[in-house]
């Protein structure tokens, strides 16, 4: 075997694994120095209004407190792209938890005490924080997140629905969900004259640098942003967040390096969240389950700060061969925290609803739900008519069904009973688009035989730096351990964000091009390398991100088995199996981690993760990890992830599709469909906590014997 | 931060003296709740009297067969103690159903009894809470209260006690042993915590300066049936939506002893005396269990969003009673 055959796709171990488990990997809040100061923000305690006075005297009198920044004395900032970054610029309070002051002090403890001593007086206004499907202020926006049209229509979906043999008209509700990465959002900023250096818990340093340049009126080349290690983000670090702006502001005001690490409880209000979505699905089909009409309408909210529209009806444009279709988004601007990106924005909540409805349709027409999906497989992308670069949904469904033992399934709801437990199984499809961004990379051959690759990638725990080394080694024909990779530094040049499952394709394309060029330079060379080595560079602008004539998406299928305890209404997932088709898999170890990580997060969405917007106070009730229930180990029983390899020449030099998000898409539907199969009851609001499930079991009058009573 | 004194006590006397010498002091056990509350500003003690080094870390069987559990015995050690597992399985199960492995390793027996409610309004100083700040109101009453009380609450407070361990202790007729300025005393575990009434700021019957020195479990024979069941949102590391501890002794075909306590339904572990009274002397049948539980839960007054707790508590209790009853009788 040659090195080339073994490196790409191999289960290489994470390069920074040892640093992380031994605690030597440094995160943004850990760049200490003798003169470093700490900051602590003051969140607004009203849901809507204006700050009319800030009394900082008591805070400033505390030992160690250096400064109290408010809208009255904070430096004026330039206009950011993202209005949530215009912090301390005016007295308006758009939602509870919006930062109204920042205390800077010698120590973290002094900063916190100072924040507690700041007295803020508000003029309060009536707030509306409750989303309803018929909210009078809901409107159809120009576009949804990602620039997708808010509305699409094909044919006459209403007419086709009216004359369909089978009709399904149902609603689903997904609550707000929170990213809650392990590392809270943090930044350390230092000014040296008019040069700014920032260590940021960010998914992309170039985006942070660009916003800081706009805000502080600096040319980008006077700003360095580094994100060497990032403890997860799930989208919430995909755009710069207030903490990095506040840290830079505080550092400039005090002349000291300043760290601001947000307390966990402040995250839900200021780092973005997945907005709640109310779905209405109308599926019309013939007697064999072939779709005649598909309508997916989504109502969601945004804040008063900016418009962000969760694009949850978009996946319906990709999935099934419906001759008539309508997809539509509505949004209401409420006095709520600003929603933002969270793992598989759009696809995740949208496919929960669509794939739940497909399961309902399967039951309605009496067709196996795997078969129903196969029957509705389109030849081209339904909305655009473009050919797929590759589409292996059917293979994923068939392979998953085989591995799961689907053929042994008794299709009758409520057919599995083990004592007080009802056992059921469910299936759902997954999809996620292929996204790619431009960027630069360099590859340097060193005299000793090693290579140095530099690319402004960010490794948020995904294994990006490891995979990039594999891509480089493959293109160079070099052993993996001869390749050193430097990432996450805005000085390297433009790098796109670790988001939209685009990282490996984007950074990898630039790395591949630089390495292939270097390989060519080395091929004809007989003389020894100069001391500084030989370097090749690449810039993929206009190439990597060029529009494709193909519809490019990853697909997948989830299979879940649940046990529903009829005594308590507790639901546990006993099996969870996913099969994914995402082009060529570049690292079997880290890819599996991404898939099962997404599936685990989807399991949480299905069963445990609940967030309540408090109508009286205007904030999320579940604000810490004791009350916002991400799955614990005991909830996650041996998830299995497999993949179908695809050879697709229309992607990038590696032949890969993104894998970071598809694992969460459809998981909740598979679990919910399994709960229906177990109980015969269709729960259409997530999560499936015991209060909801037990109430459903009781309302549906399960016979006493079945309930173990 | 607010400066506070720290005193490490080596004896019970040193601890109570230090407490008396520092107005506004708190005893510090494992700190798994108190330290969190200090970070949130909900607790701001003038002094912490660290009692974790007191010689109260033993579990001892007394000559009369009762079991003396020191106040500083860690939750994980108590759960794993062979005598506890053998004779008081409800207690071991309750401890293991609580928190996480890491927290159980740190949390103490005395500290577990004194943990505060996890009501989100109590933990957020920007909102009203009569328990935290008497007279400020109750944010939960009309707010988000799925997890709150259905029994024994007042218009002042609808919080629940979060402990699993305390529920088992209440059902097992344990006593909480206290030492204070006026000497030592013990109170039944079932009466140690209070209902909120007009004074939700008082969680327990403990008097100022009193220190929990231990818990006394009455003599029990191996095989005395007891069990704990907890319903929750996730399989681990979640507070109960409802829980129940049951002790059930059946002899000659009738219930001779019944101890039933509910968790997460009230401001204290809810000892189900009415249900117990109805069961004593009755044949342990499903019908008798249902009748007894219905008598008890008739007093429930659910709030707008937590009516599910009543059938949930009834069903898990019925399940545990049925499992503990001799097979032939149900």
Exercise for the section: Kindly list the number of the only condition in (1) on the phi < 0 side of the Ramachandran plot; (2) in contact with a helix residue (DSSP H, G or I) (Cβ under 6 Å, 6 or more places away or on another chain); (3) part of a loop (DSSP other than H, G, I, E, B) that fails for residue A:356. Expected result: (3)
Handout entry: Options B:222, B:231, B:242, B:235: the member that is within 14 Å of chain A (Cβ to nearest Cβ), surrounded by fewer than 22 Cβ atoms within 10 Å (Cβ to Cβ) and either touching a helix residue (DSSP H, G or I) at 6+ places or on another chain (Cβ under 7 Å) or over 21 Å from residue A:567 (Cβ atoms) (or both)
Key = B:235
Practice task
Would you mention how many residues in region A:619-645 are away from chain B (no Cβ under 11 Å) and out of contact with any strand residue (DSSP E or B) (no Cβ under 6 Å at 6 or more places or on another chain)?
Solution key: 2
Handout entry: Residue in region A:657-677 that is farther than 30 Å from residue A:475 by Cβ, more than 9 Å from chain B (Cβ to nearest Cβ), more than 20 Å from the chain's Cα centre (by Cα) and in a loop (DSSP other than H, G, I, E, B) present
Key = no
Exercise for the section: Could you figure out which of (1) within 28 Å of the chain's Cα centre (by Cα); (2) surrounded by fewer than 21 Cβ atoms within 10 Å (Cβ to Cβ); (3) in the same structural domain as residue A:203 (by TED's automatic domain parsing); (4) more than 23 Å from residue A:226 (Cβ to Cβ) isn't true of residue A:10? Expected result: (3)
Practice task
Return the only residue of A:542, A:533 being in contact with a strand residue (DSSP E or B) (Cβ under 6 Å, 6 or more places away or on another chain) and at positive phi.
Solution key: A:533
Problem - Residues located in region B:120-135, provided they are away from chain A (no Cβ under 13 Å) and either in contact (Cβ under 8 Å) with a residue 24 or more places away in the chain or in contact with a strand residue (DSSP E or B) (Cβ under 7 Å, 6 or more places away or on another chain) (or both) - result: B:130, B:131, B:132, B:134
Problem - Per-region count, region A:359-398, residues surrounded by 17 or more Cβ atoms within 10 Å (Cβ to Cβ) and assigned to a loop (DSSP other than H, G, I, E, B) - result: 9
Handout entry: Subset of region A:105-123 (residues that are buried (at least 22 other Cβ atoms within 10 Å of the Cβ) and either within 29 Å of the chain's Cα centre (by Cα) or part of a strand (DSSP E or B) (or both))
Key = A:105
Fill in the blank from the handout: Screening A:646, A:640, A:685, A:661 for residues that are modelled with pLDDT of 95 or more and either surrounded by 24 or more Cβ atoms within 10 Å (Cβ to Cβ) or in contact with a helix residue (DSSP H, G or I) (Cβ under 6 Å, 6 or more places away or on another chain) (or both) leaves only A:661
Practice task
Assess whether residue B:149 counts as being within 14 Å of chain A (Cβ to nearest Cβ), out of contact with any helix residue (DSSP H, G or I) (no Cβ under 6 Å at 6 or more places or on another chain) and crowded, with 24+ Cβ neighbours inside 10 Å.
Solution key: no
Practice task
Could you tell me which numbered condition residue B:291 fails, if it satisfies all but one of (1) buried (at least 18 other Cβ atoms within 10 Å of the Cβ); (2) within 14 Å of chain A (Cβ to nearest Cβ)?
Solution key: (1)
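Looking only at residues in region A:569-594 that are under 30 Å from residue B:318 (Cα atoms) and surrounded by fewer than 24 Cβ atoms within 10 Å (Cβ to Cβ), which one is nearest to the other protein chains (Cβ to nearest Cβ)?
Going through region A:569-594, the residues under 30 Å from residue B:318 (Cα atoms) turn out to be A:569-575.
Filter once more, keeping what is surrounded by fewer than 24 Cβ atoms within 10 Å (Cβ to Cβ): A:572, A:574-575.
Details: A:572: 6, A:574: 11, A:575: 15 Å.
So, considering only residues that are under 30 Å from residue B:318 (Cα atoms) and surrounded by fewer than 24 Cβ atoms within 10 Å (Cβ to Cβ), the one nearest to the other protein chains (Cβ to nearest Cβ) is A:572.
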Exercise for the section: Could you list, in sequence order, all residues of region B:22-53 that are within 12 Å of chain A (Cβ to nearest Cβ) and assigned to a loop (DSSP other than H, G, I, E, B)? Expected result: B:32, B:33, B:41, B:42, B:44
Handout entry: Selection from region B:318-329 of residues that are more than 10 Å from every other protein chain (Cβ to nearest Cβ) and buried (at least 18 other Cβ atoms within 10 Å of the Cβ)
Key = B:321, B:324, B:325
Practice task
Give the residue that is surrounded by the fewest Cβ atoms within 10 Å (Cβ to Cβ), with candidates limited to residues of region A:605-618 that are facing another protein chain (nearest Cβ under 9 Å) and out of contact with any strand residue (DSSP E or B) (no Cβ under 8 Å at 6 or more places or on another chain).
Solution key: A:615
Handout entry: Any pair with Cβ under 6 angstrom, 6 or more apart, that starts in region A:394-411 at a residue that is in the same structural domain as residue A:376 (by TED's automatic domain parsing) and more than 22 Å from residue A:676 (Cβ to Cβ) and ends at one that is modelled with pLDDT of 95 or more and in a helix (DSSP H, G or I)
Key = A:394/A:374
Problem - Some residue of region A:546-564 being assigned to a loop (DSSP other than H, G, I, E, B), crowded, with 24+ Cβ neighbours inside 10 Å and assigned by TED's automatic domain parsing to the domain that holds residue A:654 - result: no
Practice task
Kindly indicate whether any position in region A:380-392 is under 23 Å from residue A:424 (Cα atoms) and in contact with a strand residue (DSSP E or B) (Cβ under 9 Å, 6 or more places away or on another chain).
Solution key: no
Problem - Tabulated pairs, region A:105-130, first within 12 Å of chain B (Cβ to nearest Cβ), second in a helix (DSSP H, G or I), C-beta under 7 angstrom, 6+ apart or interchain - result: A:105/A:111; A:105/A:114; A:114/A:59; A:117/A:58; A:117/A:59
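Within region A:413-499, which strands (runs of 3 or more DSSP E) (wholly inside it) include 3 or more residues that are in contact (Cβ under 8 Å) with a residue 40 or more places away in the chain? Step through it out loud before you land on a result.
Details: elements: A:421-433, A:440-445, A:451-455, A:483-486.
By residue number, A:421-433, A:440-445, A:451-455.
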Exercise for the section: Report yes if residue A:481 is more than 26 Å from residue A:233 (Cβ to Cβ), in contact with a helix residue (DSSP H, G or I) (Cβ under 6 Å, 6 or more places away or on another chain) and in the same structural domain as residue A:455 (by TED's automatic domain parsing), otherwise no. Expected result: no
Practice task
Kindly check whether there is at least one residue in region B:301-309 that is touching a strand residue (DSSP E or B) at 6+ places or on another chain (Cβ under 7 Å), facing chain A (nearest Cβ under 10 Å), outside any loop (DSSP other than H, G, I, E, B) and farther than 28 Å from residue B:105 by Cα.
Solution key: yes
Problem - Selection count where residues are surrounded by fewer than 17 Cβ atoms within 10 Å (Cβ to Cβ), in a loop (DSSP other than H, G, I, E, B) and touching a residue at least 24 places away in the same chain (Cβ under 8 Å), scope region A:72-104 - result: 4
Handout entry: One residue from A:39, A:58 being modelled with pLDDT of 95 or more and not in a helix (DSSP H, G or I)
Key = A:39
Exercise for the section: Sort through B:328, B:287 and tell me the only one that's at pLDDT below 95 and in a helix (DSSP H, G or I). Expected result: B:328
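The values are calculated or read from the model by the stated rules, or taken from the named source; none is laboratory data. The structure displayed is predicted, hence computed values, not measured ones. Here Cβ is always computed from backbone atoms with ideal geometry, including for glycine, and neighbour counts include all displayed protein chains.
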